[in-house]
1. Would you confirm, using the coordinates I've provided, whether Ile65 is assigned to a loop (DSSP other than H, G, I, E, B) and β-branched (Val, Ile, Thr)?
2. Could you run through the range 61-74 and say how many residues are surrounded by fewer than 10 Cβ atoms within 10 Å (Cβ to Cβ) and at pLDDT 95 or above?
3. Which of the residues spanning the range 1-29 are surrounded by fewer than 16 Cβ atoms within 10 Å (Cβ to Cβ), of a type in the set (Val, Ile, Thr) and part of a strand (DSSP E or B)?
4. What do you reckon, is Thr4 out of contact with any Leu (no Cβ under 9 Å at 6 or more places or on another chain), farther than 14 Å from Val69 by Cβ and at pLDDT 95 or above?
5. So which pairs qualify, if the first residue must be in the range 54-65 and over 12 Å from Leu5 (Cβ atoms), the second must be part of a loop (DSSP other than H, G, I, E, B) and at pLDDT below 95, the Cβ gap must be under 7 Å, and the two must be at least 6 apart or on different chains?
6. For the range 52-60, state whether one or more residues are more than 10 Å from the chain's Cα centre (by Cα) and either modelled with pLDDT under 95 or not in a loop (DSSP other than H, G, I, E, B) (or both).
7. Tell me which of these Met32 doesn't satisfy, since it passes every other one: (1) outside any helix (DSSP H, G or I); (2) surrounded by 13 or more Cβ atoms within 10 Å (Cβ to Cβ); (3) out of contact with any helix residue (DSSP H, G or I) (no Cβ under 8 Å at 6 or more places or on another chain); (4) of a type in the set (A, V, I, L, M).
8. Which residue pairs have Cβ atoms under 8 Å apart, sit 6 or more places apart or on different chains, and have a first residue in the range 1-19 that is on the phi < 0 side of the Ramachandran plot and a second that is aromatic (Phe, Trp, Tyr)?
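The values are calculated or read from the model by the stated rules, or taken from the named source; none is laboratory data. Remember, it's a predicted structure, so these values are computed and weren't measured experimentally. All Cβ positions, even for glycine, are placed from backbone atoms using ideal geometry, and neighbour counts span all protein chains on display.
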Amino acid sequence: MAVTLIPTGMLREYTGGQDRLELAAGPTVAEMLEEVDIPPAVVAGVVRDGELVPKDYRPRDGETIRVLVIMGGG
């Protein structure tokens with residue numbers, strides 16, 4: 001099985017527009033982000049089952065992880 005990683009907003013620019021990525025379980029969320037070329041520093045939050053989790057969380061097989069972008073503006 002795998003982990004589904006869902007990048008939101010402009011994070012999809014780092015994934016070539018893909019809105020769902022299937023990754024092997026085992027690495028931390030931060031390691032997964034680096035694997036798909038999303039800089040962990042631009043991720044504001046990581047959500048698993050509606051709950052915020054840290055970037056050092058290790059998703060299990062079958063979990064869906066949504067990563068939220070830092071919002072900017074003025």
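1. Values: assigned to a loop (DSSP other than H, G, I, E, B): no; β-branched (Val, Ile, Thr): yes.
So Ile65 fails the test.
2. Just the residues of the range 61-74 that are surrounded by fewer than 10 Cβ atoms within 10 Å (Cβ to Cβ), to begin with: 71-74.
The next check asks that each one be at pLDDT 95 or above; those that pass are none.
Final tally of qualifying residues: 0.
3. Thr4, the sole residue that qualifies.
4. Numbers: out of contact with any Leu (no Cβ under 9 Å at 6 or more places or on another chain): no; farther than 14 Å from Val69 by Cβ: yes; at pLDDT 95 or above: yes.
In short, no.
5. Asp61/Met1; Gly62/Met1
6. Start the filter on the range 52-60 by keeping residues that are more than 10 Å from the chain's Cα centre (by Cα), which leaves 52-54, 56-60.
Those still in the list that are either modelled with pLDDT under 95 or not in a loop (DSSP other than H, G, I, E, B) (or both) too: 52-53.
For the range 52-60, residues more than 10 Å from the chain's Cα centre (by Cα) and either modelled with pLDDT under 95 or not in a loop (DSSP other than H, G, I, E, B) (or both): present.
7. Looking at each condition in turn, Met32 falls short on (1).
8. Note: pairs meeting the criteria are Pro7/Tyr14.
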